[in-house]
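For reference, the structure is listed below as structure tokens.
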Amino acid sequence: MSAEVPQALIDEVLRTAGSTPDRLLQILVTLQAQLDFLPPTLISRLAEQLGMPRSRVEGVAGFYSFLHLAPAGRYRVRFSDNIIDRMLGSEALMATMCANLQLRPGVPSADGRVTVSTTSCTGMGDQGPAVLVNDRAIGRLNHQRVMEICDLIRHDAPLSAWPEELFHVDDNIRRADALLSSPMVAGSALAKAVALGRDGWLAQMQASKLRGRGGAGFTTAVKWLACRDAAGADKVVVCNADEGEPGTFKDRVLLNRHADLVFEGMTLAAWATGARDGLLYLRGEYAWLRPQLEATLAARRAAGLLGSGILGQTGFDFDIAIHLGAGAYVCGEESALLESLEGKRGTPRIRPPFPVTHGYLGRPTVVNNVETLAKTCLIARDGGAAFAATGTAQSAGTKLLSISGDCARPGVYEYPFGVSIQQVLDDCGAADVLAVQVGGASGVTVAPYEFQRRIAFEDVPSAGAFMVFDSSRDIFEVARNFVHFFAHESCGFCTPCRVGTALLKGYMDKLAEGYGALQDLADIDWLDRLLKNASHCGLGSSAPNPVVDTLLKFRPAYERRIQHADFQPAFDLDGALARARQMTGRDDAGAHFDTGMGATR
């Protein structure tokens, strides 16, 4: 693609996507979809037309992994690189594709046609290995499918002409309970809430004891009340659909099959808080869901469930827009998500102030995740007391689990809170289990002696991921994969996280490569405490979780990698001199470094 960008294209995108600084990310995403990358001339012209410093435009474009400042090819192939996809063979399949297309990972082909690289997680752990081709997801990869994709790329077939069967994604709902098994007519829950009045509806939310399903478990009614009572009439409801935690895919299923419940939940939040604007932040890996989500929104507008005077209520004016992310795990943190919605880099904010008083563009904002909002429809339909009657004393209702890994039946399971880990393992067909990672990379590693523990906020909380590892797996390598993930996804804002995750990655790699010493385990422990106590946001403080847990519960997996009692450098100085020896034609003792006694010359 030429670096020359027609001004007419820029003008059209600014007209349709918006022309204010808060729209910057959406403008960049839209332009790249048409240009394949964002050339320097485009960055300069956007900065001029939006009245922004060029450095800010380039800084935003450089922050998100799905945006490219240099040519990346007409086909951008991203293999899912989380531990589950690796267990299913993604690395070998990626190597096969690179060999077939005669290119190196991460480097565009000589003809500018394609780049093959990795992304952290595509949200397809129940049907991996998976890959994204531009903004389309392909699951259940095998050698045959890889060869088919290579052939389509070599023949320059547009994605619209690829076999539709390649893009088929299953929902894989294995166990349905209150949410997944109850069909609900669009608008029926909203009508009941409107009949209660705003105060009556909030009273039902309080009675429900609903807690946020994103992991932190904050009481939803408290958040809504704080937003309602905040100064300012321009309130906002945000749905956090940035499901980036490795091993999680329940929100994908809800958005694919039950989008009406999600949008109705957003509208119920608007009825409670008085909000007029709704924003659904959709992770870039789920861009393929956007057309059907937009169709659902259009149908709701036509039915009088969005827009002005919803259900005939004067002053009940509310609509929803979809914003696309562009590949940044940190944007799952609510304040980083708000920064991204405002067209900025996804850097978490310092709090207070909190989003309920100073959120999107400084306005009072409710941020709830997909599952939380869908659950509010059950409360409106059946009442708060009925909802609270299921689950445990501190964890009301049901929980969706994304189950993947070493089990016969991966997929989405819905359980009342309080279900034991052992019951879940029995239901999904897991045997000879070594460990379960609950809550994703930032969650808890559970050993077999803990399998009677229960999924609940007061015991083992979870945002939804439930990854199973049998005795054939190396739990050290599992933890190492998670550490690499956090080092890659750190936004770089604070030194403890930026440097700490890189150092932790270095220590884990050193152990893996056979240079480990006892002192390294002590250094890892120190780093873990530093990250937990000094990081700016939850990404840094949760980054050491998998190492902390596995060192405690699976320490032999680390100790068997210790080759030295004393410190051993991981850097091979003598090996680094090999090129110099080759160039000078020397291989005598004086040209070598004596690692036992120091340099000989």
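The values are calculated or read from the model by the stated rules, or taken from the named source; none is laboratory data. As the structure is a prediction and not an experimental result, all values here were calculated from the model. Methodologically, a virtual Cβ is constructed for each residue, glycine included, from the backbone with ideal geometry; neighbour enumeration extends over all protein chains shown.
Annotations for the structure displayed:
- Exclusive hit being outside any strand (DSSP E or B) and on the phi > 0 side of the Ramachandran plot, set 232, 200, 214, 244: 232
- Some residue of segment 80-92 being in a strand (DSSP E or B) and within 19 Å of residue 484 (Cα to Cα): yes
- Applying the condition of being in a helix (DSSP H, G or I), in contact with a helix residue (DSSP H, G or I) (Cβ under 7 Å, 6 or more places away or on another chain) and not charged (D, E, K, R) to segment 347-375 and asking which residue is surrounded by the fewest Cβ atoms within 10 Å (Cβ to Cβ) yields 361.
- Restricting attention to segment 162-181, the residues being part of a loop (DSSP other than H, G, I, E, B) and surrounded by 14 or more Cβ atoms within 10 Å (Cβ to Cβ) number 9.
- Checking every residue in segment 353-368 against the condition of being under 20 Å from residue 176 (Cα atoms) and either touching a strand residue (DSSP E or B) at 6+ places or on another chain (Cβ under 7 Å) or assigned by TED's automatic domain parsing to the domain that holds residue 266 (or both) gives zero matches.
- All positions within segment 140-183 that are within 28 Å of the chain's Cα centre (by Cα) and of a type in the set (S, T, N, Q): 142, 160, 172, 181, 182
- Residue in segment 413-431 that is without any contact (Cβ under 8 Å) to a residue 12 or more places away in the chain and either of a type outside the set (A, V, I, L, M, F, W, C) or surrounded by 22 or more Cβ atoms within 10 Å (Cβ to Cβ) (or both) present: yes
- Selection count, segment 217-226, where residues are farther than 19 Å from residue 263 by Cα, in a helix (DSSP H, G or I) and in contact with a Lys or Arg (Cβ under 9 Å, 6 or more places away or on another chain): 0
- Reported count of residues in segment 126-161, each being part of a helix (DSSP H, G or I) and within 15 Å of residue 97 (Cα to Cα), is 12.
- Residue match in segment 287-308 (condition: surrounded by fewer than 20 Cβ atoms within 10 Å (Cβ to Cβ) and hydroxyl-bearing (Ser, Thr, Tyr)): yes
- Extreme residue, nearest to residue 27 (Cα to Cα), among residues of segment 67-79 that are in a loop (DSSP other than H, G, I, E, B) and among the aliphatic types (A, V, I, L, M): 67
- Residue in segment 116-139 that is surrounded by 14 or more Cβ atoms within 10 Å (Cβ to Cβ), over 28 Å from residue 417 (Cα atoms) and without any contact (Cβ under 8 Å) to a residue 12 or more places away in the chain present: no
- Qualifying residue in segment 73-80 (condition: in contact with a Cys (Cβ under 8 Å, 6 or more places away or on another chain) and either within 18 Å of residue 130 (Cα to Cα) or surrounded by 18 or more Cβ atoms within 10 Å (Cβ to Cβ) (or both)): yes
- For segment 37-55, residues that are surrounded by 14 or more Cβ atoms within 10 Å (Cβ to Cβ), touching a residue at least 12 places away in the same chain (Cβ under 8 Å) and more than 23 Å from the chain's Cα centre (by Cα) total 9.
To keep it simple, each residue is scored yes or no on (1) within 30 Å of residue 166 (Cα to Cα); (2) β-branched (Val, Ile, Thr).
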| site | (1), (2) |
| --- | --- |
| 296 | yes, yes |
| 304 | no, no |
| 341 | no, no |
| 348 | no, no |
| 351 | no, no |
| 362 | no, no |
| 365 | no, yes |
| 373 | no, no |
| 377 | no, no |
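- Any pair with Cβ under 7 angstrom, 6 or more apart, that starts in segment 202-224 at a residue that is at pLDDT below 95 and ends at one that is crowded, with 17+ Cβ neighbours inside 10 Å and part of a loop (DSSP other than H, G, I, E, B): 214/463; 215/439; 215/461; 215/463; 217/457; 217/461; 218/212
- Scanning segment 218-230 for residues that are under 19 Å from residue 338 (Cα atoms) and of a type outside the set (Ser, Thr, Tyr) yields 218, 223, 224, 226, 227, 228, 230.
- Residue match in segment 511-519 (condition: modelled with pLDDT of 90 or more and buried (at least 19 other Cβ atoms within 10 Å of the Cβ)): yes
- Here 527, 518, 503 are screened, and the one residue that is in contact (Cβ under 8 Å) with a residue 12 or more places away in the chain and within 17 Å of residue 559 (Cα to Cα) is 518.
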